[in-house]
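A short worksheet on the structure shown next.
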Ligand code: C2E
Ligand code: CA
Ligand code: CA
Ligand code: CA
């Protein structure tokens with residue numbers, strides 16, 4: 001199981017669970033996993049497209065099952081969302097990510113940020129703000145160093161609640177990104193109503209660049225929209241140099257993908273930053 005700890009050697013378990021939403025044995029395994037501390041975080045660099053300097057990391061949850069090996073989030077996040085375990089896991093992710101960001105920053109010798117995924121159920125939970133405050137306090141980091149990634153669906157399902165909560169989050173300097181931008185029920189009106197800072201362009205629009213005329217047009221329009229609204233943009237799933245160069249030309253300042261850094265263990269992220277700081 002040592003290999004799975006390395007950044008370059010991440011192998012997802014081939015085992016798939018039957019009907020993940022109703023698999024009782026998997027549900028039991030998840031509760032067991034929480035007790036045994038089988039969950040941990042991978043960190044994927046978010047880099048400046050021109051200089052390739054690391055500006056932050058997205059925290060991505062992982063589950064190391066003793067028999068199944070590494071279980072991908074696609075196999076357990078949805079279930080955790082339906083059985084409510086996501087609240088427990090999400091609270092842990094928030095704390096761990098903030099505390100570890102502080103340490104990453106220390107070796108980097110400059111300010112970094114951490115991007116944390118927030119699920120719909122977590123966002124609806126009335127404890128969310130208190131948990132976020134706890135995480136900030138515990139880590140001692142500034143609010144501006146935390147970016148919360150939410151999806152369009154969260155905003156659309158209960159806009160009144162979302163607006164109130166987002167304003168309180170923004171009051172702490174914590175920033176908000178729309179994850180998978182363009183893939184959900186987008187409504188441009190929401191970009192006006194809510195205090196959003198960042199758009200993350202989904203990999204679906206990146207993967208066929210620069211060849212696909214349609215994807216190029218979509219990226220172009222999203223980037224121009226973001227520029228005019230003064231929003232930062234992160235292109236997700238950048239896998240090669242051609243995609244990166246296209247995005248640089250189109251003015252996308254931040255990128256995240258296998259080409260500039262795979263999700264990796266915390267210790268490996270520390271090493272990458274240490275090497276960068278020594279240059
Ligand atoms: P996401 O938030 O859209 O995260 C990006 C996904 O793309 C990650 O998958 C990442 O490993 C993958 N990725 C990054 N670069 C590339 C690339 O160049 N090519 C390809 N093909 N993929 C790339 P991952 O880690 O399997 O996570 C899947 C989803 O699970 C995430 O999608 C997110 O929605 C969810 N997730 C992960 N961690 C958490 C968490 O802590 N809380 C919640 N609520 N959801 C999480
Ligand atoms: Ca995300
Ligand atoms: Ca995403
Ligand atoms: Ca995505």
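Please say if the stretch 36-84 is rounded, prolate or oblate, where rounded means a/c under 1.5 for a ≥ b ≥ c the square roots of the C-alpha gyration tensor eigenvalues, and otherwise the choice is prolate for a/b larger than b/c and oblate otherwise?
prolate
Which order do 63, 92 fall in if you start with the one that has the fewest other Cβ atoms within 10 Å?
Result, fewest neighbours first: 92, 63.
Cα gyration tensor of the stretch 118-269, axes a ≥ b ≥ c as square roots of the eigenvalues: rounded (a/c below 1.5), prolate (a/b > b/c) or oblate?
oblate
Rank the residues 51, 233, 198 as a footprinting-exposure proxy: fewest other Cβ atoms within 10 Å of their Cβ go first.
The fewest-first ordering by Cβ neighbours comes to 51, 198, 233.
Would you mind giving the average projected area, over all directions, of the Cα convex hull of the stretch 163-205 in nm² with one decimal?
Projected area, direction-averaged: 3.1 nm².
Quick one: 259, 48, fewest Cβ neighbours within 10 Å first, how do they rank?
Listed from fewest to most nearby Cβ atoms, that is 48, 259.
If all Cα-Cα distances of the stretch 189-256 are sorted into 5 Å bins from 0 onward, what percent lands in each bin, rounded to whole numbers?
All Cα pairs, binned at 5 Å, distribute as 4, 18, 32, 25, 13, 7, 2, 0 percent.
Please figure out what share of the DSSP beta bridges in the chain is antiparallel and state it in percent, rounded to the nearest 5.
40
Do you know the relative contact order of the chain, to the nearest whole percent, from alpha carbon pairs under 8 angstrom that are 6+ apart?
20
Once you sort the root eigenvalues of the Cα gyration tensor of the stretch 57-164 as a ≥ b ≥ c, which label holds: rounded (a/c under 1.5), prolate (a/b larger than b/c) or oblate (the other case)?
Since a/c reaches 1.5 but b/c is at least a/b, the shape of the stretch 57-164 is classed as oblate.
Mind checking the full-extension length gain between residue 134 and residue 189? Use 0.36 nm per residue of separation minus the Cα-Cα distance, one decimal, nm.
16.6 nm is the gain from fully extending residue 134 to residue 189.
With springs only between Cα atoms under 10 Å, which of 243, 75, 122 fluctuates most in a Gaussian network model of the chain?
Looking only at 243, 75, 122, the biggest GNM fluctuation is shown by 75.
Say we join alpha carbon atoms closer than 10 Å with springs in a Gaussian network model of the chain; which of 171, 235, 59 then has the biggest fluctuation?
171
Using helices alone, I'd like the mean residue ellipticity at 222 nm for the chain: each DSSP H run of four-plus residues gives -39500 (n - 2.57), total over residue count, nearest 500.
-14000 deg cm²/dmol
Mind jotting down a quarter of the surface of the convex hull over the alpha carbons of the chain, in square nanometres, one decimal?
So the Cα hull casts an average projection of 14.8 nm².
Hey, with R₀ at 22 Å, roughly what FRET efficiency would residue 171 and residue 124 work out to, going by the Cβ-Cβ distance, to 0.05?
The pair residue 171/residue 124 has a calculated efficiency of 0.70.
What length, rounded to one decimal in nm, is gained on full extension from residue 156 through to residue 216, with 0.36 nm per residue of separation minus their alpha-carbon distance?
The residue 156-residue 216 span can extend by a further 18.9 nm.
Taking Cα centroids, how far is the stretch 190-266 from the stretch 61-93 in Å?
27
Place a point 7 Å from the Cα of residue 52 along the Cα-to-Cβ direction; which residues of the stretch 252-279 have their backbone N under 11 Å from it?
Label zone hits: 259-261.
We did not get these values from a lab; they are worked out from the coordinates using the rules stated. Bear in mind the structure is a predicted one, so any value in this text is a computation, not a measurement. All Cβ positions, even for glycine, are placed from backbone atoms using ideal geometry, and neighbour counts span all protein chains on display.
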